[in-house]
Amino acid sequence: MKQGVIGCVEKSCKEAPRREYERTRVIRRTIPSGIISYTSGEPSPRTPSHARFLNEKEKAYVVGRLRETGATGHDDGADDFSWREVWQACTLPQVWMLAVIFFFDGVVLYGLAYFTPSILQGLGYAATGAQLMSVPPFATAFFVSLISAFISDRYHCGGFVTMFNCTLCVIGFAMYLGSQSASVKYGSLFLSITGTYCAAPALSTWSANNAAPHARRATAIAIGFIMTNSGGILATWLLGALSPPPLYRKATITLLIMSVLMVVVAGMNTYYLWSQNKKKAMIRATMSRSEEKPGLGDKSAWFIYNL
């Protein structure tokens, strides 16, 4: 959304003298970056216990909740970095099923982020108009992402939210592929852009909340980002070199297939996590928590996976 507005402004600014254009361009680019860098310079606390914005009672509550859910160990030594935990993260089935979804979502997300203006030009919009018309789909995605984030967090249903959003991508790409109307094709972008941009945060939290302790969780998050950006590399080749404008037909078919696979793999992961929760419930019925071996993290019978 921001890039669409900036692109339109820069297109208009090119009508001004070159020196004035370059000066205003530097101002637009550097001042916001400087403000963000300055205000975010304060380092984040190592742990909730080191958070200066929490009082002692709040710190104790947060630490207690983290230990209760298994996100952290019951002592500081249990949370020390260990290559063993990195390896443990690499053996989790849910991490690799989500890695596949991250890759597909990276292709779709980066493809739409970079090439939406080009797609709109293929629908008949002029360069400046294409930049401006790319804003409404991304603005819609912003508001829908807030709603989906609330539902996902409130009801612990990241998998179902992911499947719903990926289904929006399927519908959007199917509309774009099957229609000859420019208006319908433009409307389809509202579904595909909203779907992929709402799926990304749901995937990130779904991955993070289903791995523990924190070293294992950090590894799962890193794998997700690696796969997402790897998909972004493919997207830059897919739309253009492998599938030429203005219709991007081959790319649209590929993105449609990837969206379908995201729904399927998300369903597989949801079923796997549900079956693991069912097994853990049976274990909890036969033993107490004190009898369980410490340091199991997300494999503990008392760690409930988010579906």
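Quick notes
- Within the stretch 205-215, if we keep just the residues that are open to solvent by less than 50 Å² (accessible area, probe 1.4 Å) and under 13 Å from the mean Cα position of the chain (by Cα), the residue that is farthest from Ser275 (Cα to Cα) turns out to be Ala208.
Table: residues versus (1) without any contact (Cβ under 8 Å) to a residue 60 or more places away in the chain; (2) more than 21 Å from the chain's Cα centre (by Cα); (3) under 30 Å from Val63 (Cα atoms).
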residue	(1), (2), (3)
Arg217	no, no, yes
Ile221	yes, no, yes
Gly224	no, no, yes
Thr228	no, no, no
Gly232	no, no, no
Thr236	no, no, no
Leu247	no, yes, no
Lys250	yes, yes, no
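- Boolean, Ala127 is in contact (Cβ under 8 Å) with a residue 12 or more places away in the chain, touching a helix residue (DSSP H, G or I) at 6+ places or on another chain (Cβ under 7 Å) and over 30 Å from Gly295 (Cβ atoms): yes
- Some residue of the stretch 210-217 being in a helix (DSSP H, G or I), among the small types (Gly, Ala, Ser), on the phi < 0 side of the Ramachandran plot and at pLDDT 90 or above: no
- Unmet requirement for Ile257, which otherwise passes all of (1) within 22 Å of the chain's Cα centre (by Cα); (2) at pLDDT below 95: (2)
- Any hit, the stretch 172-193, residues being of a type in the set (S, T, N, Q), more than 14 Å from the chain's Cα centre (by Cα) and closer than 18 Å to Phe102 by Cβ: yes
- Verdict on Ile31 being farther than 30 Å from Asn269 by Cα, open to solvent by 50 Å² or more (accessible area, probe 1.4 Å), at pLDDT 70 or above and part of a helix (DSSP H, G or I): yes
- Wholly within the stretch 44-133, helices (runs of 4 or more DSSP H) carrying at least 1 residues that are open to solvent by less than 60 Å² (accessible area, probe 1.4 Å) and at pLDDT below 85: 56-69, 127-133
- Of the residues making up the stretch 189-219, those that are farther than 17 Å from Val265 by Cα and of a type in the set (A, V, I, L, M) are Leu189, Leu191, Ile193, Ala208, Ala211, Ala212, Ala215, Ala218.
- Qualifying residue in the stretch 149-157 (condition: within 21 Å of Met258 (Cα to Cα) and either of a type in the set (Phe, Trp, Tyr) or open to solvent by less than 60 Å² (accessible area, probe 1.4 Å) (or both)): no
- Val161 being part of a helix (DSSP H, G or I), modelled with pLDDT of 90 or more and under 30 Å from Pro48 (Cβ atoms): yes
- Taken together, Met287, Met282 contain a single residue that is part of a loop (DSSP other than H, G, I, E, B), loosely packed, with under 15 Cβ neighbours inside 10 Å and free of Cβ contacts under 8 Å to residues at least 60 places away in the same chain, which is Met287.
- Scope the stretch 216-253; condition under 10 Å from Phe103 (Cβ atoms), aliphatic (A, V, I, L, M) and open to solvent by less than 70 Å² (accessible area, probe 1.4 Å); matching residues: Met227, Leu234
The values are calculated or read from the model by the stated rules, or taken from the named source; none is laboratory data. What you see is a predicted model, and the numbers here were worked out from it, not measured in a lab. FYI the Cβ positions are ideal-geometry reconstructions off the backbone, even for glycines, and counts take in every protein chain you see. Just so you know, the surface numbers come from the protein's heavy atoms only, side chains and all, with ligands and any DNA or RNA stripped out. Shrake-Rupley method; radii C 1.70, N 1.55, O 1.52, S 1.80 Å.
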